[in-house]
Amino acid sequence: IEVEITDINDNAPSFSEEEIQLRMSEMTAPGSRFPLVEAHDPDSGRNSLQSYELSGDEHFSLALVLRAIDGGDPARTGTARIRVTVLDANDNAPVFSQAEYTVRVPEDVPVGSTLVTVTATDADEGLNGYVKYSMKKMLDMASDIFHLDSETGEITLLLSLDFEEGDSYELQVQAHDGGALFDTTKVMIVVTDVNDNAPEISVRSSISEISEDASSGTVVALLHVQDRDSGANGQVRCSLDGDVPFRLQSSHGSYYSVVTARELDREQVSEYNVTVRAADGGSPALQSSAVLALRVLDVNDNAPVFAQERYSARLAENNAAGALVLTVRATDADWGQNARVRYRLSEGRVRGAPLSSYVSVQAETGALYALRSFDYEEVRELELWVRAEDGGAPALSSNVSVRLLIVDENDNAPQVLYPPVAAASGAGWSGVELAPRSSEPGALVLTRWLVLAVGAVSCLFVGFLLLLLALRVRRWRREQLLAAESGALRGVPVSHFVGIDGVRAFLQSYSHEVSLTADSRKSQLRFSGGSCCDTLPARPPPDEPAPLLGEE
């Protein structure tokens, strides 16, 4: 007996794994085949596994859900989930966010500062999308001045920038992924100028001495001024400090000349420290200075000057020969040999003898010495001139008046004029003096010549008085007559009486001064004219001595 058991669709297809992991490269070509895990259905025949289906994704012919179907009725199914992992391929190179980076930084930016950050992205994943940065080797010093962080792309400053040494830098930066793909960008770092350089003054040529008679415009020094900054920061203005007799004169480009602006005077200022100051146009401005030391050479342009306008001294008579009378002193504002003063006497004569036989002056000190013993009864005063002369070429000199008064001393005994000395000794005097018998004790006996002298002087004095009185009366009468004539002749042209006016002026110009003394040597009579007119002046000029009568 054969028993055939007929299969029924009592088993659904099943997979050994509920989730199937499938890894494929993104570079897989369309139509590529990938084996999957088979499903198992214990049924047989038509009820066994008949087909597979994929569903859930438009990019695959097999969906993400794998379904196994048997042939029963109703059909049974079994499912398994397929996780497809797309493996990245290094098919994308890094790309910088900018084809060129430009950054402007001031030259005084601190060392260590981040100047710019470059950024590159890679569409790949994993190692293929990991970007690292590097800098291409440069021929200049850019690689020594800047540092590129390979991980972050930050460019930092390693050394201080100097606009005057380099105003721009160009860097080539590359971005590499995990594979062999890369991208390159250019980084322009522009350095902007900062007013960090003071003007520099260099003295190309100069003199240390100048004559005080140098003409205006004489060149003292040649300077070169420069500023390493640019623009307004490099524009320089030069000036001189203080009120000095010099000025700056622009030459070629940045060259300046220091020249004299006016005449120099060594006696006022003998040395100059000329400060040349240069300032740029920055804000705030930087400046520098240079000092020129200049000594003014002397020129003999000052004559010696005496300490007094005139000198006078008193010297007692009978002085010792060689006695010091006084000392004159003169100073010269010049310097050196030009200021060396020597003294000497001006030529003159005293009582017919040379002045140099009476006094002498010491050439170096100006001391005035008496060379002989003076006698008041012979010389009562000396008027002399002392000359001071400097040592310049040509020499300059000045004179001063010196008055020396001789002081009288009691060095002469009284002399009896009458009777003569011989009479007192009883030798040869035959004169007789008469005295009245009734003379009282103490009455004057030596008297005849004295009476005659007194009488003569008295008569002379009375005669002068009478003469003066007569002249006064005569003058008064002429004034009366002239007054009457002028009143009677009114209306007549003045030109007809020019002679009368001259006579009146002559008569009105008289004045008289009489001085009589017991010493006949000092008696004088002076006729002087008034200041009322200019006709027939009788008075001598003030600087001329009046004529003396009986002058010794």
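The values are calculated or read from the model by the stated rules, or taken from the named source; none is laboratory data. Bear in mind the structure is a predicted one, so any value in this text is a computation, not a measurement. Reconstructed Cβ throughout: ideal geometry from the backbone, glycine too, with neighbour counts over all protein chains shown. Quick note on the areas: whole protein, heavy atoms, side chains included, nothing else; ligands and nucleic acids left out. Shrake-Rupley method; radii C 1.70, N 1.55, O 1.52, S 1.80 Å.
Values computed for the structure shown
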item	result
In range of the label at Glu165: residues from region 87-118 whose backbone nitrogen is under 12 Å from the point 7 Å along Cα→Cβ	none
Accessible area of region 200-297 belonging to carbon and sulfur atoms, whole % at 1.4 Å probe	43 percent
For region 310-360: accessible area per residue (Å², 1.4 Å)	59 Å²
Contour minus Cα-Cα distance for Ile1 and Asp196 (0.36 nm per residue)	58.3 nm
Label-reachable residues, region 275-317, where backbone N falls under 19 Å from a point 7 Å from Glu347's Cα toward its Cβ	none
By accessible area with a 1.4 Å probe, ligands and nucleic acids excluded, highest first: order of Leu54, Leu294	Leu54, Leu294
Cβ-Cβ FRET estimate between Leu87 and Glu38, R0 fixed at 22 Å, reported to 0.05	0.35
Dimensionless Rg/Rh of region 1-108 - Kirkwood Rh, Rg from C-alpha atoms	1.43
Cα-based convex hull, region 305-407, per residue volume (Å³, whole number)	81 Å³
Region 95-192, accessible surface, carbon-and-sulfur percent (1.4 angstrom probe)	52 percent
Label-reachable residues, region 315-337, where backbone N falls under 17 Å from a point 7 Å from Asp411's Cα toward its Cβ	315-325
Efficiency of FRET from Cβ geometry, Gln172 and Glu271, R₀ 51 Å, rounded to 0.05	0.25
Euclidean distance between Cα centres, region 276-305 to region 314-359, Å	45 Å
Region 95-192: antiparallel DSSP beta bridges as a percent of all, rounded to 5	75 percent
Inter-probe distance in nm under a simple model that places probes 7 Å from Cα toward Cβ, at Gln21 and Val111	5.4 nm
Region 305-407, accessible surface, carbon-and-sulfur percent (1.4 angstrom probe)	47 percent
Accessible surface, per residue, of region 31-114 when the full set of protein chains is kept, probe 1.4 Å, Å²	65 Å²
Per principal axis, descending, Cα span of region 200-297 in whole Å	45, 24, 18
Label-point gap, in nm, between Ala367 and Ile207 - each point 7 angstrom along Cα→Cβ	4.4 nm
Cβ-Cβ FRET estimate between Arg247 and Asp301, R0 fixed at 35 Å, reported to 0.05	0.90
Accessible area expressed per residue, region 200-297, with surrounding protein chains retained (probe 1.4 Å, Å²)	54 Å²
Positive-end residue, region 186-272 charge dipole about Cα centroid, Cβ charges, pick of Thr218, Gln249, Gln235	Gln235
Projected label distance in nm at Glu479 and Val454, using a 7 Å step from Cα toward the beta-carbon	3.8 nm
